[in-house]
Structures are given as structure tokens and as C-alpha cells.
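Participant: The structure's right below; bear with me while I get my questions together.
The values are calculated or read from the model by the stated rules, or taken from the named source; none is laboratory data. Values in this document were obtained by computation on a predicted structure and should not be read as measured data. With ligands, DNA and RNA removed, areas are computed over all heavy atoms of the protein, side chains included. Shrake-Rupley method; radii C 1.70, N 1.55, O 1.52, S 1.80 Å.
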Amino acid sequence: MSSVEIIQVSKQFGAVFAADHIDLMIDDGEFFALLGPSGCGKTTILRLIAGFIEPDTGRISIGLSDMSGIPPEKRSIGVVFQNYALFPHLTARENVAFGLSVRRVDRNEITSRVNDALDMVELEGLEDRYPKQMSGGQQQRVALARALVTQPKVLLLDEPLAALDKKLRTQMQVELRQLQQRLKITTIFVTHDQEEALTLADRIAVMDNGKICQIGHPEQVYERPDTLFVSNFLGQSNIFSGKLIALENQVGKMVTDHEISLSTSWTRNKRVGEIVRLVVRPEKVKIAHQPPTGSNQIAVKIIHRVYLGTSTTYLMLPPHGETIIAFVQNEQSMPAFEVGQNVFTYWEAENCFLLED
Amino acid sequence: MKKSIHVIAYAYAILILLFLYGPLLVMVLMGFNRSPLYELPFNFDLIWFQRMFTNERLLTSTRNSIGLAISVSILATFLGTLAAWALVRYSFRGRNVLQTLLVPPITIPWLILAVSMLLMFYWLKIPRSNMTLFIGHVGVALPYVILVMITRFQGMDRTLEEAARSLGASPLVTFFRITFPMILPGLVAAMMFTFAVSFDNFTISHFLAPQGVSTLPVEIYSAIRKGFTPEINAISGIIFIFSAVLILISSREIKFF
């Protein structure tokens, strides 16, 4: 069992709470992402788990044993740092061998395990290069092999892909996920990139100001965010505030501040008469001259259009209220609507939701 | 137009180099001239080098200087490295004040430092001895070491040490296998530099050395007062080349000068 338990952990730097009474349970073999803007405390959590810093209050356990006062070298962890932190005076092979040699593993065994680790990350032929003679992607692989060769209970990744270009990053995401699933190693991944968290993680904790805002599977946090912060951090949102006026058959009807009627099938526990906020993701929003009956629909004027290859982004303005944004798949080679056209924007009740607060 | 500026700049640089190295060149050349009165024509001879090697006072003081400089460079580098480590890695009350106070001793004239040290030893009733000489030299060498090593430690990524710890290395193992190899070039540079500082130092030695003990610069000074002989040129030439090589090697590491 290599689960990680964080119970009521706080860490203060001066007057700022980098971790504010955090509770987290990460399962054995899980790929868990800590997602949030810079300064939200996600790296602090990782450093607390690694033992580089000690919590002010609370308790952390790895594999059911309490880590209080245990130094990093006795925690059985593997860490990949944002800047990789490869030892510049050692070759790729020596970097990977470091963790085994300080454990006084037998020389022959070191050789074979280092070779296996280098094979695993596809670095054959680069063993004798120094870090500065390798590309960013290659250094990343060495860092990963170095962290995994000691067979740690937990793998901690601090924005390991942030320094790579977009194409390489996408490729490394896939490789990282496959490797993690093959080794079934408990992995905690810190990132500020919501797409990366959605792609890689089994579960995501969204953080802000040292607190966890929401924990859930990628679909949960993206499709059903609890708060405006989570909704906005994970993607773009069209937000309508108003009052809930009816609840029938699990469908809630609301009237916005600008007298638009909208309905949603995700009403949480809101009661009729409450002030609520309804969110619809831009890719759920469709555009037509004559929208289907029964859907949420608003008469709008198209004010801006951005062609993005696979999709087109439309900005639309209703007679009253704020701009609505829609991502429309380019199913035909020519965009269907022109700037200045008066059209209807519409979406289904099951594709939008109310925020918890 | 552009080319003429180029030529002027080039000529200017050469003039400055001539100004700096001309006297040294004359001195070294005269060490190879047979005439004791620096008369021309130039007659190549190694007689002054031979004389130098039979001049016991000169040889003894040279040995004193080398021994002193080696021990000063070792102790100053050791103490200074620890101080720099503390200044970079730990935050404590008064750290900034301490770090700022390191710079003035470098700019204070050695004469004033030497006199103040002499007064301090007098006041503490410590007689001039090899130990006072040694302490004085270490004192003037320390700030250089600390400044060199601070830049070295600051340039070193702290996550490297964390990475080593996460891989199972204790703090001690981390220091010897990661930190030490990375600061080694800085240590070597600091040792060479402090060696040169101590070896070249006249003022501190003049005031703090015990009776009857002299270092090479002090010996050269008293020899000149008695009457200049080209033996001094010979040994000065050797020291000049030796010091220049040390500084050239270590200056690759010392970037703030």
C-alpha cells in the first residue's frame, strides 16, 4: 500500500497560508493532479510530502506510516523537479545511478537497473552525455528515470513538462501516463495547466489561496465545477446570474437579471426563489437561425469571429447582458455565420449547470 | 571613418598595456643583463639568477613567504567557505549587515589595517610572532574568499541538494557528492587568489612579522634600501610571472572583479 494521506495540514510563510488545513487522500496507484494558479500552494503541498519542509500543524503519511520528522532521504519518494535538477557534473548514467549508489546497492545490480531505467524512458545511446549536452526532452527523461530507478512508493512531479515546447509536451504527457499505468506507481503531479491535469490525472484537486476548492475526476471538475473559480480556471464559462423560479422533474427554471428564461437539469440542492448562477461551457453553445424548441435560446448579434482551424470562436451580444462565447466545430470548410448577423444561440438544459456558490 | 576609430582604439589599448607592462618588462630584462648598474648595451647573463640562489636571506624569506601563503590560503578558504555557506543558505538576524560589512575591508588601505592590527595586538599584550603574522594575513584574505564563495553558492541551484536528498542521500553524503564537486572550481580559485594576496603582501608582514623573520616582499624592500642589485630583478621576475599565472587562472572563476 502506497497511499498518501494528508490530514489537516497547514504551512504558513510569514502571514501567508501556503497550505490552509488541507485534507487529501490519494489512493495507491492513483495519478493525482494538484491544479491551480501560481502561488496557490500546490508546490508547497508537494514539498511537504517530499519532506523538504515540515508542516506547522497536521500529519502526512505515506503507505500508512506517519512521516512527521522523517527526512526526505527516508521517505521512499521520487521527485522530478520543474528544472529537472540533474547533477551537472554527472553523466546521464551517473545521475540515474546516484540513488542506488547512495543506498550501497551491489555494483552489478546498479548497472542492470540503470540500464533498465534508461531503456524504459528510451534513452539508449545517450548514457554518457552530461546534462548540458542534452535537449530539454532528454533531460526530462533522465530526471524521470532517476526518480523511478529506486522504486519509490510515491512519485512527485513538480510541473515537469512546463519547460518543454507544446508538441513535445503533448508527446511526453502520453508517455508519462502510459509509464505510470504500467508501473502502477502512486503519482502526485503539480501543474497550472488545466489541459495537462485533465489529460493525465485520475483525479484533480483544484487549489486557490492555500485551500482545496474541489476534488474530483476530470469530467466532474470540468463539467460540474462547484465554484466560479474552478469553472473559470478549468476553461471558459458563460455565466448568467438570476433567480430560480421553478423546479419540476429535476429541471430548474431560472430568470436572469436581464429577463431571459433558462433551464438546467443540474440544480444541486438549490430551492425555488434562491439567487443562482448558471454556467454553460462555450463548446456546448450552438448557433442557428431557427433553434430547436425546448432548448435554452437567446437572440444575439455576432460581434466577432476567430477562425482556429478545427473550430471557430464566435462572440455574440444579446440585446441586454454580457457577451456570450461559443466554440463551434468546423464541420464544413466555410464558417456558417458572419459578423453582424442576427442569429439565435441555444443549448440543452442537460449541458449547463448551477454553481454551488 | 569607422576604420580610423578602430585604429585609434587599438593604439590606445596598446599604449595602456605598454604603460602597465613596460616597467615590468624592463625589470625582468635587467635581471638578464650582466651590468649591475643597468648599463647598456645589453649583455645576456644568468649571473643574477646564480647569485640569487646563493643569497641565503633571499631564499629564506622566499620559503617563509611560500609557507605562509600556503597556510593562509588553506585556512582562509576553509573559514571563508563556511561563512559564505551560512550567509547564502541560512537566514538569521543581521545577515545583511554582516554581508555588507564584508566589502569595506577590501577597500581600506592595507597600511591602515596593518597599523590597526598592530595596535590591537599591542593592546591585547600579544607580542609579534609568526602567529600574529599568520592571523593578519588570514584576516585580509578572508573577505575575498567569502565574496568569491558567495557568488559560487548563489549560482548553485538549491534543488540539486533537494534532489539528492529525495534520492536517499543524507545531508553529509549530499555535501560530499553534490555540493563539494560543484563548488570545487570556486574553492581552487579562492585558494589561488588568497595565496597571491598573502604572497604579495608587504604591509601586513612589515608590521606584524616578529623580529628576525622576513617575508620576500619585506626582504626585497630592505635590500633596496641597502642598495639595489639585479638579484632583486631576477627574483621579482620570477614572482611576477608566478603571480600573473595564478591570477589569470583564478580570474576565470572570479567574475565580479
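Participant: At 1.4 Å probe size, put B:Met182, B:Met52, B:Met191, B:Met131 in order of accessible surface, largest to smallest.
Facilitator: B:Met131, B:Met191, B:Met182, B:Met52
Participant: Restricting to Cα pairs below 8 Å that are 6+ residues apart, what does the relative contact order work out to for region A:4-232? Please round to a whole percent.
Facilitator: About 29 percent, as a whole number.
Participant: Hey, what angle do you get for helix A:166-183 against the long axis of chain A, alpha-carbon based, 0 to 90 degrees rounded to 10?
Facilitator: Tilt relative to chain A: about 60 degrees.
Participant: Quick one: order A:Cys213, A:Cys40 from most to least accessible surface, probe 1.4 Å.
Facilitator: Most to least solvent-accessible, the answer reads A:Cys213, A:Cys40.
Participant: Rounded to the nearest 10 Å², what accessible area does A:Asp193 show when all protein chains are kept and the probe is 1.4 Å?
Facilitator: 40 Å²
Participant: Name the shape class, rounded, prolate or oblate, that the alpha-carbon gyration tensor gives for region B:160-257, where a ≥ b ≥ c are the square roots of its eigenvalues, rounded holds for a/c under 1.5, and otherwise prolate holds if a/b is larger than b/c and oblate otherwise.
Facilitator: Judged from the Cα gyration tensor, region B:160-257 comes out prolate (a/c at least 1.5, a/b above b/c).
Participant: In addition: Is region B:1-146 best put as rounded, prolate or oblate by its Cα gyration tensor, with a ≥ b ≥ c the root eigenvalues, rounded for a/c under 1.5, and otherwise prolate when a/b is larger than b/c, oblate when not?
Facilitator: Taking the square roots of the gyration eigenvalues as a ≥ b ≥ c, region B:1-146 is oblate.
Participant: With contacts defined as alpha carbon pairs under 8 Å and 6 or more residues apart, what's the relative contact order of region B:48-253 in percent?
Facilitator: So the answer I get is 38 percent.
Participant: A follow-up question, please. Taking one equal scatterer on every alpha-carbon of chain B, how large is log10 of I(q)/I(0) by Debye at q = 0.10, 0.11, 0.12, 0.17 1/Å?
Facilitator: Per q value, in the given order, log10 I(q)/I(0) is -0.67, -0.78, -0.88, -1.28.
Participant: For chain A, find the longest principal axis of its Cα atoms and tell me its angle to the long axis of helix A:136-148, 0 to 90°, nearest 10.
Facilitator: Tilt relative to chain A: about 70 degrees.
Participant: Could you please put B:Arg51, B:Arg225 in sequence from largest to smallest accessible area, using a 1.4 Å probe?
Facilitator: In descending accessible area the options line up as B:Arg225, B:Arg51.
Participant: To continue, here is another question. Using each residue's phi in region A:283-293, evaluate 6.51 cos²θ - 1.76 cosθ + 1.60 at θ = phi - 60° and report the 3J(HN,Hα) Karplus result to the nearest Hz, with x for Gly and Pro.
Facilitator: Those phi angles translate into 6, 8, 7, 10, 10, 7, 6, 10, x, x, 5 Hz.
Participant: Ok, one more. May I have the extent of the alpha carbons of chain A along their three principal axes, as whole Å values ordered from largest to smallest?
Facilitator: Taking max minus min along each principal axis of the Cα atoms, chain A gives 74, 49, 37 Å.
Participant: So how far, in whole Å, is the C-alpha centre of region B:119-150 from the one of region B:151-201?
Facilitator: 24 Å
Participant: Near the amide H of A:Ile303, under 5 Å away, which other amide H atoms are found, from residues 5 or more places off or on another chain, if H is placed in the peptide plane?
Facilitator: A:Leu315, A:Met316, A:Leu317, A:Gly340
Participant: At 1.4 Å probe size, what's the solvent-accessible area of A:Lys211? Round to the nearest 10 Å².
Facilitator: 100 Å²
Participant: How are the alpha carbon pair distances in the protein assembly as shown distributed across 10 Å bins from zero to the largest one, expressed in percent?
Facilitator: 3, 12, 16, 15, 14, 13, 11, 7, 5, 3, 1, 0
Participant: Let me ask you something else. Work out Dmax and Rg for region A:236-354 from the C-alpha atoms and quote the Rg first, both in angstrom.
Facilitator: 14.5, 46
Participant: Mind listing the Cα extents of region A:1-124 along all three principal axes, in Å, largest one first?
Facilitator: Reported extents, whole Å, longest axis first: 48, 30, 25.
Participant: Then there is this: If ligands, DNA and RNA are left out, what is the accessible area of B:Phe180 with a 1.4 Å probe, given in Å² to the nearest 10?
Facilitator: Counting only protein heavy atoms, B:Phe180 exposes about 80 Å² to solvent.
Participant: Could you give the length gained by full extension between A:Val272 and A:Ala246, i.e. 0.36 nm per residue of separation minus their alpha carbon distance, to one decimal place?
Facilitator: Additional length available on full extension: 8.8 nm.
Participant: Where in chain B are the DSSP H helices whose C-alpha atoms run 27 Å or more along the long axis and whose mean Kyte hydropathy is at least 1.0?
Facilitator: B:2-30, B:130-154, B:180-200, B:230-251
Participant: Let me ask another. Return the lysines within reach of A:Lys253: Cα separation strictly under 26 angstrom, same-chain partners fewer than 8 residues apart disregarded; answer none if there are no such residues.
Facilitator: A:Lys243, A:Lys270, A:Lys284, A:Lys286, A:Lys301
Participant: Shifting gears a bit: On C-alpha positions alone, give me the angle between the axis of helix A:107-120 and the longest principal axis of chain A, in degrees, nearest 10.
Facilitator: The helix A:107-120 is inclined about 20 degrees to chain A.
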